[in-house]
1. State whether one or more residues within segment A:75-96 are more than 17 Å from the chain's Cα centre (by Cα), over 20 Å from B:R84 (Cβ atoms), among the acidic types (D, E) and assigned to a strand (DSSP E or B).
2. For segment A:64-90, which positions are in contact with a Pro (Cβ under 8 Å, 6 or more places away or on another chain), under 15 Å from A:K45 (Cβ atoms) and surrounded by fewer than 22 Cβ atoms within 10 Å (Cβ to Cβ)?
3. Against the condition within 28 Å of B:K254 (Cβ to Cβ), surrounded by 12 or more Cβ atoms within 10 Å (Cβ to Cβ) and in contact with a helix residue (DSSP H, G or I) (Cβ under 8 Å, 6 or more places away or on another chain), how does B:A173 come out, does it pass?
4. Step by step: first the residues of segment B:17-36, then only those that are buried (at least 16 other Cβ atoms within 10 Å of the Cβ) and not hydrophobic (A, V, I, L, M, F, W, C), then the one that is nearest to the other protein chains (Cβ to nearest Cβ). Which residue is that?
5. In segment A:93-102, what residues are crowded, with 17+ Cβ neighbours inside 10 Å and more than 7 Å from chain B (Cβ to nearest Cβ)?
6. Restricting to segment A:175-213, what's the tally of residues that are among the charged types (D, E, K, R) and out of contact with any Ser or Thr (no Cβ under 9 Å at 6 or more places or on another chain)?
7. When you scan segment B:119-139, how many residues do you find that are farther than 16 Å from B:L204 by Cβ and either surrounded by fewer than 23 Cβ atoms within 10 Å (Cβ to Cβ) or of a type in the set (D, E) (or both)?
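The values are calculated or read from the model by the stated rules, or taken from the named source; none is laboratory data. Keep in mind that this is a model prediction, so the values were computed, not measured. A quick note on method: Cβ atoms are made from the backbone with ideal geometry, for glycine too, and the neighbour counts reach across all protein chains shown.
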Amino acid sequence: MLQAQGLSKSFGRLRALDDLTATLRRGQSVALIGPNGAGKTTLLKCVLGLVRPDAGTLTLDGESLLDSPAPRRHIGYMPQIGRFPDHLRVGQLFEMMQEIRRGTHEQTDGELISALQVDRIAHKPARTLSGGMRQKVSACLAFLFDPQVLVLDEPTAGLDPVSVEVLKEKIRAERERGKLILVTSHILSDLDEIATDVLYLIEGRLRLYRPILALKAESGESRLDRVIARIARDTAGETPAGERAAS
Amino acid sequence: MMLRIVRYVAGDILRGRIILAYAGCLLVASLGLFNLGGDTTKALIGLLSLVLMIVPLVSVVFTTAHFYNTQEFVELLAAQPLPRATILLAQMIGVMLALTAALLAGIAVPVLLYACSATGLTLIAVALLLTAAFTALAFVAAVLARDKARGIGAALLIWFYFGLLHDGLTLYALFLLEDFPLEGISLTLLALNPIDLGRVLVLLQMDVSALMGYTGAMLKDLLGSGTGIGFAVLVLGSWIAAPVLAALWIFRRKDL
């Protein structure tokens with residue numbers, strides 16, 4: 001459903017994405033992995049319409065994500081750093097997002113709002129929120145409009161352990177309901193629990209795109225961090241192998 | 001849709017202390033000028049320098065600071081099914097409305113109370129037009145510069161140029177070109193600076209154009225009529241429209 005074809009983007013001399021082609025389907029939870037500067041954020045930002053690629057196409061169910069803002073109604077986004085207008089109360093923030101998204105969705109999903117107890121801080125001005133609370137608000141907003149695609153940038157960073165579990169459970173549940181999840185995280189043990197596939201980027205190129213179960217079976221490792229360490233070692237000297245299709 | 005976002009943007013700014021402080025300072029200055037000087041014309045001239053220097057300065061600094069403070073939020077908005085133009089226009093109108101509210105409270109109310117004349121009304125109009133123009137110019141600087149320090153620096157340079165440098169350059173140009181007919185040149189140079197346009201508009205109402213010497217007399221001739229005023233307002237209007245369009249054009253293509 002989400003299809004990238006020959007996606008390229010340079011920032012000056014830096015090639016952030018280099019001819020990336022991949023197809024992501026419903027029911028997948030794809031973990032974007034790679035060293036810093038590998039192009040993970042750039043890829044997410046292309047999907048979100050925040051960065052305009054130099055070349056290539058990006059479609060969601062056949063509709064181009066690059067030409068018009070309308071297909072973004074299917075996408076929910078949880079940014080790495082959520083910052084909201086200082087003097088808006090949390091409740092007003094939700095009202096505002098609902099007004100913006102009026103008519104773009106069939107149903108709202110407020111499950112996280114009560115599960116993360118965000119309803120209790122509705123009266124607080126956004127500037128008084130701690131980092132973890134802002135992260136909770138971001139998570140609620142991402143899931144609020146029941147989107148088909150969820151883009152989660154470091155979703156568990158800064159959250160307390162209980163909330164991390166709530167969020168991971170929600171991500172698993174939504175994937176099982178047939179959503180597509182795109183997630184980055186530096187915490188591989190979290191990804192191990194919520195991701196079904198690994199998309200490994202190095203210097204803007206797709207090195208590997210495989211189901212985690214297959215990777216574990218092939219390498220004989222039971223933990224994702226070991227698998228990734230092995231891949232990183234194996235691919236360190238290798239020339240770019242191009243894309244490998246997901247099975 | 002845009003207006004819905006404007007409501008929240010302006011509401012957010014108006015709840016902040018900075019805009020209140022701005023309105024308060026303007027109010028204290030206006031009341032002080034009107035009550036201490038005794039002479040209304042003198043007070044209006046004092047208020048004019050305030051409007052010509054401080055209002056553009058606050059507009060550019062406030063606008064750029066606001067833009068960089070809300071960068072992450074603008075990113076979140078840009079990831080929604082909203083056109084980029086809607087988002088930036090909402091931001092611009094929100095900031096302009098908030099600054100306008102401060103001006104109305106801090107300058108318009110005292111002027112209407114103490115000097116409700118053609119001059120007073122022109123002064124209010126000039127303050128509002130300059131606020132919009134410098135807010136728009138600051139947005140251009142902000143959408144161009146990724147780095148906060150650079151963006152604020154560029155906005156300050158814009159203010160410095162129009163507030164101080166342009167006048168010097170105008171004088172120098174007129175001095176160099178004194179053998180040529182000056183009307184066209186000085187009018188062009190005048191049109192190239194929104195602050196000067198505002199100054200001339202107010203001074204022409206005050207009948208103190210004699211203070212401005214030869215050029216002043218000439219300007220009175222050229223701009224004193226209804227068409228002249230219309231021309232000046234039109235040019236000031238394009239000082240708002242052009243940067244608004246430029247900022248939208250850049251923002252639509254920008255990588256956030």
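1. Initially, segment A:75-96 is screened for residues more than 17 Å from the chain's Cα centre (by Cα), giving A:83-96.
So of that shortlist, the ones also over 20 Å from B:R84 (Cβ atoms) come out as A:86-95.
From the residues that got through so far, the ones that are among the acidic types (D, E) too are A:86, A:95.
Within this subset, residues satisfying the condition of being assigned to a strand (DSSP E or B) are none.
Scanning segment A:75-96, I find no residue that is more than 17 Å from the chain's Cα centre (by Cα), over 20 Å from B:R84 (Cβ atoms), among the acidic types (D, E) and assigned to a strand (DSSP E or B), so the answer is no.
2. Selection gives A:L66, A:P69.
3. Working: within 28 Å of B:K254 (Cβ to Cβ): no; surrounded by 12 or more Cβ atoms within 10 Å (Cβ to Cβ): yes; in contact with a helix residue (DSSP H, G or I) (Cβ under 8 Å, 6 or more places away or on another chain): yes.
Taking the combined requirement at face value, the residue does not satisfy it.
4. Going through segment B:17-36, the residues buried (at least 16 other Cβ atoms within 10 Å of the Cβ) turn out to be B:19, B:22-23, B:26-27, B:29-31, B:33-34.
Checking which are not hydrophobic (A, V, I, L, M, F, W, C) leaves us with B:22, B:30.
Working: B:Y22: 15, B:S30: 26 Å.
The qualifying residue nearest to the other protein chains (Cβ to nearest Cβ) is B:Y22.
5. Taking segment A:93-102 first, the residues crowded, with 17+ Cβ neighbours inside 10 Å are A:93-94, A:96-97, A:100-101.
A:L93, A:F94, A:M97 - these are the residues of segment A:93-102 that are crowded, with 17+ Cβ neighbours inside 10 Å and more than 7 Å from chain B (Cβ to nearest Cβ).
6. We begin by selecting, within segment A:175-213, every residue among the charged types (D, E, K, R); these are A:175-177, A:179, A:190, A:192-193, A:197, A:203, A:205, A:207, A:210.
Pick out the ones that are also out of contact with any Ser or Thr (no Cβ under 9 Å at 6 or more places or on another chain) and you get A:176-177, A:192-193, A:203, A:205.
Of the residues in segment A:175-213, 6 are among the charged types (D, E, K, R) and out of contact with any Ser or Thr (no Cβ under 9 Å at 6 or more places or on another chain).
7. Final tally of qualifying residues: 1.
Conditions tested, residue by residue: (1) within 14 Å of chain B (Cβ to nearest Cβ); (2) closer than 23 Å to B:L256 by Cα; (3) basic (K, R).
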residue	(1), (2), (3)
A:P69	yes, yes, no
A:P79	yes, yes, no
A:G91	yes, no, no
A:A115	no, no, no
